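Okay, structure first, notes after.
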Amino acid sequence: MMPPMGWNSWNTFGSEVDEIVVRETAAAMMDTGLLDAGYRFVNIDDFWQAEARKDGRLIWDSEKFLSGIPRLAADLHGMGFSFGLYSCAGTHTCGGRPGSYGHEAEDAKAFAEWGVDFLKYDNCYLPPGLDGRLLFRRMGMSLLGCGRPILFSACEWGRSEPWLWAASVGASMWRISGDIDDRWDSIVENGFRLLADLAPYAGPGRWNDPDMLVVGMHGVGNDEVVDGTGCTDAEYRSQFALWCLASSPLFIGADIRNLDKKSLDLLSNTGAIAINQDVLGIPGRRIGIHEHGGENAEVWSRPLADGSIAVGLFNMGNQAGRRVSVAWESLGLDVGTSLRVRDVLDDIDLGLHHHEFTGFVDGHDVMLLQLRHEKNMN
C-alpha cells in the first residue's frame with residue numbers, strides 16, 4: 001500500500017466541521033480533479049461526535065450531521081471516495097468529546113457498520129499510569145477483528161517513538177510530531193528535522209506522518225493551526241516536495257472549496273504525486289547539507305522503481321537565487337555518469353548533465369528533480 005492521500009477537516013474547520021462542509025468539500029475534490037489525482041480519503045477529524053455516549057454507544061452529533069454518519073459514508077463511497085473518522089485512545093478526545101478508552105471493540109465494530117475506511121486515533125486524556133502503546137494496540141487489534149478493512153492512523157505525536165512499534169499494532173501510518181501549522185518554522189520542525197532520521201522505519205504499508213499539508217491555507221483556518229499570515233507559495237512548494245520525497249501521507253488541510261490556482265496546481269502535480277506514490281516505496285533521505293553565510297541548503301534523494309532518482313534541492317534560508325548542487329557521487333553513481341534532468345514541479349527538461357547538477361533556488365523554495373539515465377528514458 002502506498003501513502004494514503006486525501007483531505008482532513010481539522011486544519012481549516014476544527015470544531016466547526018459539519019455535514020455541509022464535508023459534502024461541499026467532496027464535490028470540490030471531484031470538480032477540481034483532486035479525486036482523479038489520487039486524493040480519495042475524505043476524513044472528518046474531532047467534533048463529529050455527540051457530547052456523550054448513548055447507552056454506552058458512540059453516536060454522532062445529529063445537529064451537525066443530519067443524515068447520519070452511515071448515510072454520509074455511503075454517499076461518499078458512491079462518489080468514489082473512501083471515508084475516515086477520528087477517535088482517541090483516552091477517555092475523551094482532544095476536544096472533550098467521548099474517547100474510545102474502554103470501548104475499543106464496540107467502537108471498532110460501529111465504525112465498520114457505518115462504512116468507515118480510515119481511523120485517525122489521537123492521544124489525549126489517557127488514564128494515569130497506563131502505557132499509551134497498550135491503548136493503541138487495543139484499538140489496532142479491535143480494527144483487525146471488526147470485519148472491515150480500516151486503515152489505522154496512530155496519532156501518538158511521536159512521544160514514544162511510534163516508528164519502532166506502531167506497525168506491530170496494526171497501524172499503517174504514525175504521527176512523528178505534534179500538530180503542524182501554517183508557518184515555515186512548523187514545516188521545518190515537523191518535516192525536515194524529524195524526517196531526516198526516520199526514513200529507515202518507513203516503507204510500503206508503513207509510513208512516517210509529519211501531519212497534514214498546509215498548502216493553500218494562507219493563514220486561514222481554525223485558531224489552533226494558524227497565526228493569521230501563513231506560508232509563502234515557495235514554502236508550500238517545499239512542504240509538498242518534501243512530503244512527496246519522504247513517502248509521507250498527503251492530506252490536504254486547506255479549504256478545498258476556495259483553493260487558489262497555484263495551490264491547486266501544486267497539489268495536482270502529477271510528477272510529484274508519482275514520486276510520492278512510487279511502488280518501490282523507499283522514503284527519501286537527506287544526503288547533504290550546504291552551509292553558506294549562516295544559512296543552510298539541503299539535498300534529499302530517493303530511488304524510484306523505474307530506475308530514475310528523485311532529488312530535492314532545498315534553500316532553507318532567505319537568500320534569493322542560491323546555488324544548490326547535487327553531485328552524482330553523492331547518489332552512489334559513477335562520477336562520469338550522464339543523466340537527463342527534469343524539473344518536476346515546473347515540468348521542464350533541463351537537459352543532459354555530467355558529474356553534477358546545480359540549480360538556483362530562491363529562499364525557502366525547492367527545485368524537485370527527476371534524474372534519468374538516457375537508456376531509461378521513454
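Applying the selection to the stretch 283-307, what residues are polar (S, T, N, Q) and within 15 Å of Ala327 (Cα to Cα)? Outline the logic, then answer.
The first filter runs over the stretch 283-307 and keeps only residues polar (S, T, N, Q), leaving 296, 301.
Result: Ser301, single match.
Being surrounded by fewer than 18 Cβ atoms within 10 Å (Cβ to Cβ), in the same structural domain as Trp207 (by TED's automatic domain parsing) and assigned to a helix (DSSP H, G or I) is the requirement here; does Ser168 meet it? Here the answer is yes, as Ser168 does meet what is asked.
Just to be sure I understand, how many residues within the stretch 210-225 are buried (at least 21 other Cβ atoms within 10 Å of the Cβ) and assigned to a loop (DSSP other than H, G, I, E, B)?
Taking the stretch 210-225 first, the residues buried (at least 21 other Cβ atoms within 10 Å of the Cβ) are 210-218, 221, 225.
With assigned to a loop (DSSP other than H, G, I, E, B) added as a condition, the list becomes 210-212, 214-218, 221, 225.
Here the count works out to 10.
Within the stretch 9-24, the set of residues being surrounded by fewer than 23 Cβ atoms within 10 Å (Cβ to Cβ) and within 19 Å of the chain's Cα centre (by Cα) comprises Phe13, Gly14. In this entry, Ser268 is excluded by the filter for residues that are at pLDDT 95 or above, among the hydroxyl-bearing types (Ser, Thr, Tyr) and under 16 Å from Phe192 (Cβ atoms).
So, in the stretch 125-146, how many residues would count as being small (Gly, Ala, Ser) and in a helix (DSSP H, G or I)?
Within the stretch 125-146, residues that are small (Gly, Ala, Ser) and in a helix (DSSP H, G or I) number 3.
From the list Ala241, Ala234, the lone residue that is under 12 Å from Leu345 (Cβ atoms) and touching a His at 6+ places or on another chain (Cβ under 9 Å) is Ala234.
Quick grid of which residues meet (1) surrounded by 14 or more Cβ atoms within 10 Å (Cβ to Cβ); (2) small (Gly, Ala, Ser); (3) within 22 Å of Val169 (Cα to Cα); (4) more than 23 Å from the chain's Cα centre (by Cα):
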residue: Gly84; (1), (2), (3), (4): yes, yes, yes, no
residue: Thr91; (1), (2), (3), (4): yes, no, yes, yes
residue: Phe111; (1), (2), (3), (4): yes, no, yes, no
residue: Tyr125; (1), (2), (3), (4): yes, no, yes, yes
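Just one of (1) of a type in the set (S, T, N, Q); (2) within 19 Å of Ala154 (Cβ to Cβ); (3) at pLDDT below 95 fails for Asn222. It is (2).
Just to confirm my filter: which strands (runs of 3 or more DSSP E) fall fully inside the stretch 265-378 and include at least 1 residues that are free of Cβ contacts under 8 Å to residues at least 40 places away in the same chain and of a type outside the set (A, V, I, L, M, F, W, C)? Before the answer, list the steps.
Numbers: elements: 285-292, 295-303, 309-315, 322-327, 338-343, 348-354, 356-361, 366-373.
By residue number, 285-292, 295-303, 322-327, 338-343, 348-354, 356-361.
Could you tell me which residue of the stretch 45-57 is farthest from Ile69 (Cα to Cα), considering only residues that are of a type outside the set (Asp, Glu) and in contact with a Lys or Arg (Cβ under 9 Å, 6 or more places away or on another chain)? The extreme case among them is Ala52. Looking only at residues in the stretch 40-58 that are touching a helix residue (DSSP H, G or I) at 6+ places or on another chain (Cβ under 6 Å) and not aliphatic (A, V, I, L, M), the one that is surrounded by the fewest Cβ atoms within 10 Å (Cβ to Cβ) is Phe47. The residues on offer are Asp31, Asp75, and the sole one that is closer than 23 Å to Val214 by Cα and of a type in the set (D, E, K, R) is Asp31. Candidates are the residues of the stretch 128-175 that are of a type in the set (Ser, Thr, Tyr) and more than 20 Å from Asn190 (Cβ to Cβ); the one that is nearest to the chain's Cα centre (by Cα) is Ser168.
Pull up the stretch 137-154, narrow it to residues that are touching a Phe, Trp or Tyr at 6+ places or on another chain (Cβ under 7 Å) and of a type in the set (A, V, I, L, M), then point me to the one that is nearest to Arg175 (Cα to Cα). Among residues in the stretch 137-154 that are touching a Phe, Trp or Tyr at 6+ places or on another chain (Cβ under 7 Å) and of a type in the set (A, V, I, L, M), the one nearest to Arg175 (Cα to Cα) is Ala154.
Taking the condition touching a strand residue (DSSP E or B) at 6+ places or on another chain (Cβ under 6 Å), aliphatic (A, V, I, L, M) and either closer than 23 Å to Trp243 by Cβ or not assigned by TED's automatic domain parsing to the domain that holds Asp306 (or both), does Leu352 pass? In short, no.
Out of Trp243, Trp207, Trp174, I need the residue that is crowded, with 24+ Cβ neighbours inside 10 Å, assigned by TED's automatic domain parsing to the domain that holds Met141, out of contact with any helix residue (DSSP H, G or I) (no Cβ under 9 Å at 6 or more places or on another chain) and in contact (Cβ under 8 Å) with a residue 12 or more places away in the chain. Which one? Explain how you work it out, then say what you get.
Details: Trp243 fails: out of contact with any helix residue (DSSP H, G or I) (no Cβ under 9 Å at 6 or more places or on another chain); Trp174 fails: out of contact with any helix residue (DSSP H, G or I) (no Cβ under 9 Å at 6 or more places or on another chain).
Answer to the check: Trp207.
Just one of (1) on the phi < 0 side of the Ramachandran plot; (2) at pLDDT 95 or above fails for Glu161. It is (1). Among the residues of the stretch 287-307, those that are surrounded by fewer than 20 Cβ atoms within 10 Å (Cβ to Cβ), out of contact with any Ser or Thr (no Cβ under 7 Å at 6 or more places or on another chain) and within 22 Å of Arg340 (Cα to Cα) comprise Pro303, Leu304, Ala305, Asp306, Gly307.
Within the stretch 228-264, the residues that satisfy the criterion of being closer than 24 Å to Phe118 by Cβ, assigned to a loop (DSSP other than H, G, I, E, B) and among the hydroxyl-bearing types (Ser, Thr, Tyr) are Ser247, Ser248.
The values are calculated or read from the model by the stated rules, or taken from the named source; none is laboratory data. What you see is a predicted model, and the numbers here were worked out from it, not measured in a lab. Note that we place each Cβ from the backbone using ideal geometry, even for glycine, and neighbour counts take in every protein chain shown.
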